[in-house]
Amino acid sequence: MAKPVELPQGTLEMLILKAVSLGPLHGYGILLRIQQISGERLEILQGSFYTAIYRLERRGWIKGAWGESENNRRARFYSLTAAGARQLKAETAKWTDMAAVVAAILGKKTGEI
Amino acid sequence: MSLLAAIRKRWRSIAPRNSNDIEEEFRSTLQAYQEDLMRQGLAKEEARRKAHLDLGRPSAQNETYRRAIGLRLFDELGGDIRYGIRNLRRNPGFAAVAVLSLAIGIGATTAMFSLIYAVLLHPFPYAGADRITYLFGFDEKRPDAFSFVTLSKAQFDDLSLAGPVESVLGFNPTQMEVTGGAFPEEIASTYLTENAGAFFGVRPLLGRNIEPSDAENGGRSVAVLNYRFWKRYFGGDPHVIGQTLEINHAPYTIIGVMPRSFAFNDLAEVADVYLPFSLISNVPNVNYVPWIKLRPRVTPAAANTVLEPIAREMAKRDPGRLPQNWHLALKPIIWTFQENTGRTLTLLLAGVVLLLIIGCANCSILLLARGRARRHELAIRSAIGASRWRIARQLLVEAVVIACTGALLGVAASYWLAKLPMVLSPDSFPAESFIRINAPILAFCVDLALLSGVLFGLVPALRLSRGDSARMLPGRQDGGVAAPGKRRWSLLIAAQVALTLLLMATAGTAIHSFLGLLRTPLGYDPANVMRLGIILHNHARGENDGNQSREARTAYFEQLREKIASVPGVFTAAVATDATPPYSGAENTFEIDGASDHEQPQARVTLVDQRYFAALHIPVLQGRVWNADENTRGDFIAVVNQAFATRYLSSSNAVGRQLRIPGLIARNRNQVASAQSTTWRQIVGVVGDARNDGLDHPVTPAIYLPYTTLLRAYEQFFVHTQGDPLAYLQSIRAAVASVAPGQTLSNSNFNGTLTLNEAIERDAQYKSQRLFSILFGVFSAMALALALVGIFSLVAYSVAQRTTEFGVRLALGAPRRHVLWVAARIAFVSAVAGIVIGLAVDSFLGAVLAHWMQNTFAATSLMAAAALLALSALLACLLPARHAIIVSPTEALRYE
C-alpha cells in the first residue's frame, strides 16, 4: 500500500464535487469513490467529510435527493448542479495552474535558477 | 394560491434540512460502512463499534449540520435565551424586581418619547405641516405678548400671490347654532377658503373636503364634519353624506367627514363643522386668519419680505391702534407649543431617562448580587471549557431577556402614561396630536430595551465571567473572604442615590413653587363663584340676534341677570364681558387729563357691571362704584384698580380725575357702543388689585367700565352662590329658559360654564407647575423605591453570603451593634457618598434647572430631599442587616 496523503485545506470539497460529477452518489459512495480514485492513498477525516457535504449542498453546488441504494436501502443521493459544475471547472483550472507553477519552481535545478 | 406556493417553494429552498432527515441519511451511511467492515471480516458488534468510532454518533449529526451551514450562533443564542427565561422563572422574586425596575424606566421613557413624537416631532396631519406658518404681531416691549394677525380680503388675495408663498389658507372661526330641533344647539364652525382640501392634503374619512367648486354662486351650502362632532351628533352614522344639517336656520348638505387626527383648529376652538368661506366673503370687513404655507427651502429673510406690504397697510388703515414697537413675523404653527411645552417635555424626558438609568443600575446591582450566588454554576461552565466570551455572552443575553420583558410591560404601561400629561395639562398640546403606538415608537422602545440590557448587563457580565474556576469551584461558600467587586457595588449604589437625589430635588423644587403659586394673593375670592356664558341667538347666516339695538340687548341681559339672581341660593349675579380672572380685560391705550409723563399709557379695559366687584369680593379702596342708572348709560364714568392709580396717578388723588379711551368703538356689526363711549370719563373709585394677567404676572393697571358701553353678542354672568355653584346649574338653566325659551348656556371654550377655581386651574403657569409637581413627584417616588430596593437587596445578599463570618464574630463576642454596622456599612457609606455627590451636582445644576423650570431652585427642598433619602437609605440598610445579628452562632458555624 502506498503512503497516505494528507489533504490541504479546502481541497476535500473539490474532490467531492469531482466524485459527484461522474454520477449521483450517496454520502458513503462519495467517500468510497474518492478513496478508490486516489488509490486508497487519501485518509479522509470522517468528521469533516459530512461538514463538507452539508456546506456544498447549502451553497447549491450539489443537490441531494432520496433514492434506493444498490442493496435496496433508502439513501440520499447527491448530484452536481450547474453552479457546481462551473465551480468544479473553475477550481480545477485554479488548482492545475497553481500546481504547475509550484511544480515548475520546485523542479528547477541549481544551475537553472 | 400561486403566491403562497411561491413563498413555500422559496422557503423550502433556503430552509435548513430537519434533524430527522439528517439523522436518517447519516444512519444509512453508518449502516453501509458497517456492512463494508463486516465484509472485510469484522464481527457485527465490532463493526458497529468501529463505524460509530470513525463516523460519530447519529444524534450529534444535526449539530454538525447546523454548524456547517452557519446556524450555530443562532442555536446558541436561542439556547441562551431559553436558559435566561428558565432562570427568570426559577427566581420569581429576583425576576419581578428586575423586570419591574426596568419596566418603570422603559415605560416612562417610551411614554415621554411618544408624547414628544406626537407633540413636537409629528403633531399635525397636514401636508407640509412644518412649512405652514401663522402671522404674528409682536410688541417689542412685551415679548411674551403676541397676537394672531388677521387679514382683509384684499390683503389675503395679495398674500396668495407672493413669491415665497406656496399657498394660503384663510379661515374664520364662528359660533353658530344647529337649528331645526326642539332647541338650538351651539356649535363651533369654521369657514375655510375653498383651497382647503388641497392645502391640508388630508384624506377625508367619508366623502370629500371643501373644494374650489364650492365657491360657486357665492358659496355652496355644504358642510364638512369634524370627527368628534360626527360621533357626537350623528352617532358615527356612515350614511351621513348627502344628509342635510340646519345651521342658523339655513340648510347645509353634508359632503364629508374628516378623520380623527384632523382637529382644525385650536386657535379659538376645534370646529364642529367646516363651511366654504365664500359664504361670508362678501360680508363687510370680514377677517381672514391666514395659514401661510411657504415654498420648500424658503429662508426666513425671504419669507419676511411678504410681510412689509401688510405691515404698511395696517399702519395706514388703523394709525394709533398699534403699539409703537410693533412688528409682524411668521412662525411655524407648532411655535406656540414649542416654546413652553417643548421645554416641559425636554425636562420630563430628562427625568425619565434618569429613572431609566436608576432602573438599569438597580438591575446591575441585582445581577451582581445574584451572580455571587451563581458563581458555582459559572465556575463549572468555565471548568468544562466555556470561554470567557461565551459566559459573558450568556449573561448578557439573560440581561437582555430581562430588559425585553421589562420593555414589553413598559410599552403596555406607556400607552396610559403618555396620556397623563395631556390629561393634566390639556391646552399645552396641539389639538391634533394624539398618542398612538407606531413604528418609530416601537423601534425606539426595542432599541431602548437592547441598549439598557447591554448597559446593565455589561458590568456584571464582565465581572462574573472573569472568575477563575480553581478558586471558585470548592463547593463551600468562602465565608470570611471579602467579596470581590465591592467597589463596583459601591459605585453603582452611589450613582443611583445621587441620581435619585437629583430627581427628588427637582420634584421638591417643583412642588415648592407650585405651593408658592397656590399661595399667591389673588385679589379676589374664587370660592363658590362660577361664570356662565350667554350667546345671543343667530337667526340667519351671518346675521345675529333680534335684539340689535343697544337698549334692547341691555334690557335682555339685565332681565336674564335678574332671573338668575332670583334663584334661591344665589347671593349675587353680575354681568361682564371677557373678565374671567386670572385673565381679564383687553389692552388699550388711553389719555388722561393733565400732564402725563407716559408716552403711550396702556391699561386693561375691563367691561363689567357694578355688581361684579361684590360677586368676586374685590374691595373698593377709594370712592365708589357706579350705580344702576350709570351702568345702563355706560358713558362718563370709570373705576380703576390700585395698580392703575399707583402707576399713572401717583401724585394726586385718583377719584375725580378724567380719562378717555379713543379705541372704545364698535369694530364689527355684532358690537354696539354707547353714544359717547370715547369721550372723557370721570374716575369715581379705586378698587383692589385682582389678578388680570395670569397667576405668575403682577396685576396690570386696569380701567373698569360699565359693560353696556360696548356690547357684544354675548355676555358672561358671574354667579356667587351658597356652596358649590355647579349644583345650581339646573335651576339657573330653567331661569334662563323662562326669560327666553331656547336660550341655552354657552358651552364654548371662552364662554362656557366654569367655576373661578377651574379658571385658575386652566392658567398655563398653574398647569405646567402642577404637571411638573405631579410627574416629578411620581418620578422621584419611583426612583426612591428603586434605589431602596437596590440597597436592600445588596445588603440582604451580602448578609446571606457572610452568614458564617457573622456567626464567628458573634461567637467571639462582638457586640450586636458592631455586627449590624459591619453588615450595613458598605451600602450605607455608598449611599451617603451618593447623597454628597448628589448635593454637589444639584448645587451645580441648580441654576440650569431653575432656568428650565422657570422658577427658583429651593435650597430647603434640596435639604429635605437629602434628609429623607438618607433616612430611608439607612432603613433599607438596617432592615436586611438585622438578619446578621439574629444568626445563631452555633448554626452559622455548623457549616464550617
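The values are calculated or read from the model by the stated rules, or taken from the named source; none is laboratory data. Note that this is a predicted model, so its numbers are computed, not measured. In this analysis, Cβ positions are derived from the backbone assuming ideal geometry, glycine residues included, and neighbour counts consider all displayed protein chains.
Is it true that some residue in the stretch B:786-802 is at pLDDT 85 or above, of a type outside the set (S, T, N, Q) and in a strand (DSSP E or B)?
No.
Tell me the residue from B:L420, B:L356, B:L348 that is at pLDDT below 80 and either touching a strand residue (DSSP E or B) at 6+ places or on another chain (Cβ under 7 Å) or part of a helix (DSSP H, G or I) (or both), please.
Exactly one residue qualifies, and that residue is B:L420.
Does the stretch A:33-48 hold any residues that are more than 8 Å from chain B (Cβ to nearest Cβ) and either surrounded by fewer than 15 Cβ atoms within 10 Å (Cβ to Cβ) or part of a helix (DSSP H, G or I) (or both), and which are they?
Correct list: A:R33, A:I34, A:Q35, A:Q36, A:I37, A:G39, A:E40, A:R41, A:E43, A:L45, A:S48.
Of the residues that sit in the stretch B:40-89 and are among the basic types (K, R) and within 55 Å of the chain's Cα centre (by Cα), which one is farthest from the other protein chains (Cβ to nearest Cβ)?
B:R89
Here are some residues: B:D689, B:D724. Which one is charged (D, E, K, R), touching a helix residue (DSSP H, G or I) at 6+ places or on another chain (Cβ under 7 Å) and modelled with pLDDT of 85 or more?
Criteria check complete, one pass: B:D689.
List the pairs whose first member sits in the stretch B:642-661 and is at positive phi, whose second member is of a type outside the set (K, R) and surrounded by 21 or more Cβ atoms within 10 Å (Cβ to Cβ), and whose Cβ atoms are under 7 Å apart, counting only residues at least 6 apart or on separate chains?
B:G656/B:I683
Determine which member of the set B:V778, B:V832 is without any contact (Cβ under 8 Å) to a residue 40 or more places away in the chain, surrounded by fewer than 19 Cβ atoms within 10 Å (Cβ to Cβ), within 28 Å of B:S861 (Cβ to Cβ) and not basic (K, R).
Testing whether each residue is without any contact (Cβ under 8 Å) to a residue 40 or more places away in the chain, surrounded by fewer than 19 Cβ atoms within 10 Å (Cβ to Cβ), within 28 Å of B:S861 (Cβ to Cβ) and not basic (K, R) leaves just B:V778.
Evaluate the following for A:F77: is it within 11 Å of chain B (Cβ to nearest Cβ) and not in a helix (DSSP H, G or I)?
Against the criterion (within 11 Å of chain B (Cβ to nearest Cβ) and not in a helix (DSSP H, G or I)), A:F77 qualifies.
If you check B:A271, B:A223, which single one turns out to be crowded, with 16+ Cβ neighbours inside 10 Å, out of contact with any Gly (no Cβ under 7 Å at 6 or more places or on another chain) and part of a loop (DSSP other than H, G, I, E, B)?
Within the list B:A271, B:A223, the selection yields B:A271.
Is there a residue in the stretch B:492-510 that is at pLDDT below 80, part of a helix (DSSP H, G or I) and either of a type in the set (D, E, K, R) or touching a helix residue (DSSP H, G or I) at 6+ places or on another chain (Cβ under 7 Å) (or both)?
There is no residue in the stretch B:492-510 that is at pLDDT below 80, part of a helix (DSSP H, G or I) and either of a type in the set (D, E, K, R) or touching a helix residue (DSSP H, G or I) at 6+ places or on another chain (Cβ under 7 Å) (or both).
Just to be sure before I move on: is B:R82 more than 24 Å from A:G64 (Cβ to Cβ) and assigned to a helix (DSSP H, G or I) in the structure I sent?
yes
Just a yes or no: is a residue in the stretch B:693-714 among the charged types (D, E, K, R), modelled with pLDDT of 90 or more and in a strand (DSSP E or B)?
no
Residues checked against (1) within 14 Å of another protein chain (Cβ to nearest Cβ); (2) within 26 Å of B:G56 (Cβ to Cβ); (3) modelled with pLDDT under 90; (4) surrounded by 13 or more Cβ atoms within 10 Å (Cβ to Cβ):
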{"site": "A:L15", "(1), (2), (3), (4)": "no, yes, yes, yes"}
{"site": "A:L22", "(1), (2), (3), (4)": "no, no, yes, no"}
{"site": "A:R58", "(1), (2), (3), (4)": "yes, yes, yes, yes"}
{"site": "A:W66", "(1), (2), (3), (4)": "yes, yes, yes, yes"}
{"site": "A:N72", "(1), (2), (3), (4)": "yes, yes, yes, no"}
{"site": "A:A99", "(1), (2), (3), (4)": "no, no, yes, no"}
{"site": "A:I105", "(1), (2), (3), (4)": "no, no, yes, no"}
{"site": "A:K109", "(1), (2), (3), (4)": "no, no, yes, no"}
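Looking only at the stretch B:692-725, count every residue that is over 26 Å from B:I665 (Cα atoms) and basic (K, R) and tell me the total.
Qualifying residue count for the region: 0.
What residue, among those in the stretch B:80-139 that are of a type in the set (D, E, K, R) and either in contact with a Pro (Cβ under 8 Å, 6 or more places away or on another chain) or closer than 30 Å to B:V165 by Cβ (or both), is modelled with the highest pLDDT?
Across the stretch B:80-139, the extreme among qualifying residues is B:R131.
Could you grab me the full set of residues in the stretch B:165-205 that are outside any loop (DSSP other than H, G, I, E, B), buried (at least 19 other Cβ atoms within 10 Å of the Cβ) and either in contact with a Gly (Cβ under 7 Å, 6 or more places away or on another chain) or acidic (D, E) (or both)?
B:E177, B:E186
Look at the stretch B:423-475 and say how many of its residues are over 25 Å from B:Y126 (Cα atoms), at pLDDT 70 or above and in a helix (DSSP H, G or I).
The total comes to 22.
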